[in-house]
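Down below is the structure, laid out as structure tokens.
The values are calculated or read from the model by the stated rules, or taken from the named source; none is laboratory data. Because the structure is a prediction, the values reported are computed rather than measured. No Cβ is skipped: glycine too gets one built from the backbone with ideal geometry, and neighbour counts run over all protein chains shown. For the accessible areas, the whole protein counts, side chains as well, though only heavy atoms, and no ligand, DNA or RNA atoms are used. Shrake-Rupley method; radii C 1.70, N 1.55, O 1.52, S 1.80 Å.
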Amino acid sequence: MYMTQPTTAPRPRRHLISKSLAAVFWGTTVLSLYACAPYMLVLTVWAAAEGGKTLAHVLLLVGRPAALDAALVAAVWYSLSFSRLSLPTRSAVVGALAFPGPLWFALAFYTRGGAS
């Protein structure tokens, strides 16, 4: 007995683990940044209300590490594209690199009342 229609093989689940890891890492990063944003806003407004003398100091303390982290994440992203890693794998690797910093700040703010 011959089949009249060809059967199709089930579609393999490609990159399921790397997509899941990327979602967890980037989700944790975004939630950590969301938790730190009100504190950074209060610090900036407080420094500006104080006369602006410490505003530059606060922005340097917060902005310099943020800019360096962004540059590092961008450099790793583009360097991994040269090794021909897939997009979900690259996203998982860069997410693993990006999430400890904001997570540490969020935990420090909520457990000790400041990142000192």
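Laid out as a table, the results:
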item: Calculated on alpha-carbon atoms, Rg and Dmax of region 34-91 in Å; result: 16.9, 51
item: Packing-based ranking, highest mean first, of 28-34, 42-48, 89-95 given that Cβ atoms within 10 Å are counted; result: 89-95, 28-34, 42-48
item: Surface share of carbon and sulfur [accessible, 1.4 angstrom probe, percent] for region 16-99; result: 77
item: Computed magnitude of the charge dipole of the chain (debye, nearest 20; Cβ of K, R +1, Cβ of D, E -1); result: 460
item: The chain - Debye-derived log10 I(q)/I(0), Cα point model, q = 0.11, 0.21 Å⁻¹; result: -0.53, -1.15
item: FRET efficiency, Ala48 to Leu87 (Cβ-Cβ, R0 35 Å, nearest 0.05); result: 0.30
item: Mean separation of Cα contacts under 8 Å, 6 or more apart, over the residue count of the chain: relative contact order %; result: 44
item: For Arg90, net neighbour charge (Lys/Arg +1, Asp/Glu -1) across residues whose Cβ lies under 13 Å away; result: +2
item: Dipole of the chain [Lys/Arg +1, Asp/Glu -1 at C-beta], most positive-end residue of Val76, His57, Ser86; result: Ser86
